[in-house]
Amino acid sequence: MTNVFQSFERRDSAVVLAHVLFAFLALLLGGIAGLLQSLVRGGMVTLPYGIGYYQLLTAHGVLMALVFTTYFIIGFLYAGAARTLGWLLPVVRKLAWLGYGLMTAGTLLATVLILLNKATVLYTFYAPMKASPWFYIALVFVVVGSWMSGFGLFTQYRYWKKTHKGERTPLFAFMAVATMLLWLIATLGVAVEVLFQLIPWSFGWVETVNVMLSRTLFWYFGHPLVYFWLLPAYMCWYVVIPKIIGGRLFSDALARLAFIMFLLFSIPVGFHHQLMEPGISSGWKYLQVVLTFMVVIPSLMTAFSLFATFEMHGRSVGAKGLFGWLKKLPWSDVRFFAPFMGMLIFIPAGAGGLINASHQLNAVVHNTLWVTGHFHLTVATSVALTFFGIVYWLIPAVTGRKLTARMHKLGIVQTLIWVIGMFFMSGSMHTVGLFGAPRRTAYTTYMDHPDTVLWMPYYVAMAIGGTILFIGVLMMIANIVMLLRAPKGHEEFPIAEASAEAERTPAIFERWGLWVGVLAVLVLIAYTVPVMELLNNPGVGSKGFVTW
Ligand code: HAS
């Protein structure tokens, strides 16, 4: 069935554009903080009085890791829902704007408190560092706002199911529902931490906080957070890229199975961020490391599916030889090139995740710049470059403009600038992290200790990379302005069909009650006993510290 899709409904375009443009405003502000951090860390800049390194680091992490990603993802999911399930219902649009309003109020409040130096607690806001209570209340606004958006998506989905009895949900919408379900279930952990631990503690209503419990609740949320970032990139790789290359999706069923596996295995694994922490017995850490390696499988399935899609298309247009199909890919199309560079870099990026998850190796890399290098490859390159690639067709598609040949060229240049910058920055972070250089620390030579002095060249390379990346941010913002002023016209929202030979997709994949039930069992197995142990042995608890 070919989707005869003309253009976006104007009010739906407003929802999508508001989210996407706010996301890139956050990227710009977060990028300024990131540039300053890298220059300070490289010993090239001393911050003016009143601006602290850890204040910048908090702004950078919140704006990049929490705001840029969440706003862009919600805008992208709504765009795909409108494209594949029909124009947004009035009630859905209301939920979308309610969510946007709450998230924006929370984001602005959090940003002001960070700038006032009342919340220099980094993006993970680890207790016992204690921010202003209004910072934690701001986070509540952001999370509740994102829940409203999730409910909006689910409402659109249920309406489509009611009016399309027995039909298989379009793949994009299926994936959007899985992604939002993952988000809603994962954020329950951070909601409990903030509402029942950090807010009463920061207001002084309770004297101490159970630090281990707060971190466990955070990482119950923190690892699935990274898949909330990754899955929309995978949606682009599975559903959009095959259409852009002129091919078809290798297997609709495999794609849905991969997303179900992410839903099941990405939540009960938070302890792999806490492998070096006391208070959790090694047996439970071991179980969650095993589950972590389970969550690697859908990524490997994704790689297989992508290579199959590329090769099938290449062969269909006459590719010869083992790798002839590579030549048939649209290298001069930025809608393909930017996400493909994200895919390629995800191979080393994810491989670094395997090292992080290996208990013994984690003892070497934990709290070092290696981990910072890991997530600058995963979220700041694989995910970010895919989101950048989406923008080149999404903004024209929702605004009724054309993606011009010049924009393709500018987009490819921006992608290459980003890859070069990240090569310097993430490459030096990985390397100097293995030498033991810690993450989350300002500039210091540790009194010129002979070992740490050897780290300096890597810090300079990080600063060079950070500067190139900042140029990449400015170029991306400029490209977006040009997209908004491009000539009027029609740009497709690419949605691929599955290959004709693909097996029929089993209906069981949409039994969401079954999958949420299986997930609940996995979470109960992975967390019940260790959390009970933390509750029964709370220790003395900790008062709050304002370390800045
Ligand atoms: Fe991670 C820390 C383990 C993936 C982000 N990670 C972080 C932090 C962030 C982050 C932000 O076990 C720091 C949090 C903080 O501030 O403390 N990570 C993993 C593992 C995976 C993984 C096992 N991480 C991600 C993704 C992220 C992300 C994705 C963002 C989007 N990570 C960890 C651990 C820590 C950690 C520990 C804690 C470290 C510590 O001690 O603090 C896996 O999902 C990786 C799966 C991928 C692979 C690689 C090979 C994959 C292949 C197929 C995929 C390729 C594709 C492309 C689909 C197994 C070959 C196809 C290619 C073409 C060219 C077509």
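The values are calculated or read from the model by the stated rules, or taken from the named source; none is laboratory data. In this text, all values refer to a predicted model and were calculated from it rather than measured experimentally. Virtual Cβ from ideal backbone geometry, glycine too; neighbours counted across all protein chains shown. Accessible surface is based on the protein model in full, side chains and every heavy atom, while ligands, DNA and RNA are left aside. Shrake-Rupley method; radii C 1.70, N 1.55, O 1.52, S 1.80 Å.
Observations on the model:
- Checked against (1) part of a helix (DSSP H, G or I); (2) surrounded by fewer than 15 Cβ atoms within 10 Å (Cβ to Cβ); (3) over 26 Å from the mean Cα position of the chain (by Cα), Tyr458 passes all but a single condition, namely (2).
- Of all the numbered requirements in (1) hydrophobic (A, V, I, L, M, F, W, C); (2) buried (at least 18 other Cβ atoms within 10 Å of the Cβ); (3) under 30 Å from Leu113 (Cα atoms); (4) modelled with pLDDT under 95, Leu534 misses one, and that requirement is (3).
- Of the residues making up region 355-384, those that are farther than 24 Å from Pro339 by Cβ and of a type in the set (Val, Ile, Thr) are Ile355, Val364, Val365, Thr368, Val371.
- Some residue of region 358-368 being touching a residue at least 12 places away in the same chain (Cβ under 8 Å), open to solvent by 30 Å² or more (accessible area, probe 1.4 Å) and under 21 Å from the mean Cα position of the chain (by Cα): yes
- Scanning region 45-72 for residues that are open to solvent by less than 10 Å² (accessible area, probe 1.4 Å) and either within 26 Å of Glu167 (Cβ to Cβ) or more than 13 Å from the chain's Cα centre (by Cα) (or both) yields a single hit, Thr58.
- Just one residue in the set Ala338, Ala308 is under 18 Å from the mean Cα position of the chain (by Cα), more than 7 Å from the ligand (Cβ to nearest atom), over 30 Å from Phe271 (Cβ atoms) and in a helix (DSSP H, G or I); that residue is Ala338.
- Selection within region 420-437 - of a type outside the set (Gly, Ala, Ser) and buried (at least 19 other Cβ atoms within 10 Å of the Cβ): Met422, Phe424, Met425, Met429, His430, Val432
- Scope region 311-327; condition more than 20 Å from Ala498 (Cβ to Cβ) and either touching a helix residue (DSSP H, G or I) at 6+ places or on another chain (Cβ under 6 Å) or away from the ligand (no atom under 13 Å from the Cβ) (or both); matching residues: Gly318, Ala319, Lys320, Gly321, Leu322, Gly324, Lys327
- The helices (runs of 4 or more DSSP H) located wholly in region 353-411 that include 3 or more residues which are more than 9 Å from the ligand (Cβ to nearest atom) and under 21 Å from Leu17 (Cα atoms) occupy 384-399.
- Neighbours by Cβ (under 7 Å, 6+ apart or cross-chain): first from region 445-462, touching a residue at least 24 places away in the same chain (Cβ under 8 Å); second of a type in the set (D, E, K, R): Tyr459/Arg41; Met462/Arg41
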